[in-house]
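Okay, structure first, notes after.
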Amino acid sequence: MSHSPLLNLPGPPPDLMADVEAAIADARRFVAAFDPDLVVVFAPDHYNGFFYRLMPPFCIGTAAHGVGDYGTYAGALNVAADLAEQCAAAVLEHGVDVAVSAAMDVDHAVMQPLERLFGDATARPVIPIFINAVAAPLGPIHRARALGAAIGDYLATLDRRVLVLGSGGLSHDPPLPTLATATEQVRERIVHGAPMSPEQRAARQDTVIAAARDFAAGRSTIAPLNPDFDQRFLDIVDNGALADFDDWTNGYITDAGGNSAHEIRTWVAAFAAMAAAGEYRTDNRYYRAAPELIAGFATRTALPVEQR
């Protein structure tokens, strides 16, 4: 499913929120019926837990703490530490390089889906998996598919009901800083992780609300949403033809979908993990181009065909 800070902030019109929340409710019913006893979350970060002082392409958390941005849960996650360690070892054995963190900070990209799907971010044991989708340079998207496949092979060895969750927007280009454009103060944050004060967090929320308002009104210089790009992506996911993404270059993703469209890597990894269990079929197919959320917003649920 997609995430957006604007889901927790004032501004989006009621009809949009009702539509999005109805789609999330469908996904929540799917999760409740499946009743997982382990959740694996693939998610990006927005310079809240990972910084340029050391920016891995992938990282598995053996312990994690929510930073509480945009009204999400602040506190320790219920991480399945032993399983996370085993997962990291299995991924490395498969030839995919992955970092490990025993003190991972995670933001709304992890917390928002957990809270929306379970009501409580700590309701189930989780394995949080960071995929860099913001800080250039980025590796090729086929590495995210390889990561997901390796994790899927590991999950297949467990006698557990595992919910695999990919958290990311489709086409979108929110006002995130870059090394090339950051002020000295912002550069200190995105490089060294300088902590944000409550006043700075509040100011950032105001900036996001204003950016969404201007974007929806056509008064913004950020890249427009691209429903054609989003639908092409979703068609490939729905058809299970994940190898087709191997031809998608980083330049194409940026040009067609915007700088933050690279969050589709979390979806690719999640569905590659699912595909490791065999052919799957998607349900709960929702998509909406939502400029008020600065995102192409989508949800999908899926089960392996043999489990149906």
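Readers should treat all values here as calculations from the given coordinates under stated rules, not as data from a laboratory. Bear in mind the structure is a predicted one, so any value in this text is a computation, not a measurement. Ideal geometry is used to build each Cβ from the backbone, glycine not excepted, and the neighbour counts take in all protein chains shown.
Show me, for the stretch 23-39, the HN-Hα J-couplings you get by feeding each phi into the Karplus relation (A = 6.51, B = -1.76, C = 1.60, θ = phi - 60°), rounded to Hz, glycine and proline as x.
Running phi through 6.51 cos²θ - 1.76 cosθ + 1.60 with θ = phi - 60° gives 5, 5, 4, 4, 5, 5, 5, 4, 5, 5, 5, 6, 6, x, 10, 8, 10 Hz.
Any chance you could list P(r) for the stretch 82-191, counting all Cα-Cα pairs in 10 angstrom bins from zero, rounded to whole %?
P(r) over the stretch 82-191, rounded to whole percents: 11, 36, 36, 15, 2, 0.
Is the chain best put as rounded, prolate or oblate by its Cα gyration tensor, with a ≥ b ≥ c the root eigenvalues, rounded for a/c under 1.5, and otherwise prolate when a/b is larger than b/c, oblate when not?
Since a/c stays below 1.5, the shape of the chain is classed as rounded.
Starting at the first residue of the stretch 70-77, write each ³J(HN,Hα) from the Karplus equation 6.51 cos²θ - 1.76 cosθ + 1.60 with θ = phi - 60°, in whole Hz, x for Gly and Pro.
Computed from phi, the couplings for the stretch 70-77 are 6, x, 8, 4, 10, x, 6, 8 Hz.
Among 221, 101, 71, flag the residue with its Cα farthest along the positive direction of the charge dipole of the chain, charges on Cβ as +1 for Lys/Arg and -1 for Asp/Glu.
71
Per-residue counts of other Cβ atoms within 10 Å, averaged by peptide: what ranking do you get for 267-278, 177-188, 284-295, highest first? List each step's numbers first, then the result.
Working: 267-278: 24.2, 177-188: 11.9, 284-295: 21.3.
Those peptides, ordered most packed to least, come out 267-278, 284-295, 177-188.
Can you put 235, 246, 159 in order, fewest other beta carbons within 10 Å first? Write out the running numbers ahead of the final one.
Numbers: 235 11, 246 14, 159 5.
Result, fewest neighbours first: 159, 235, 246.
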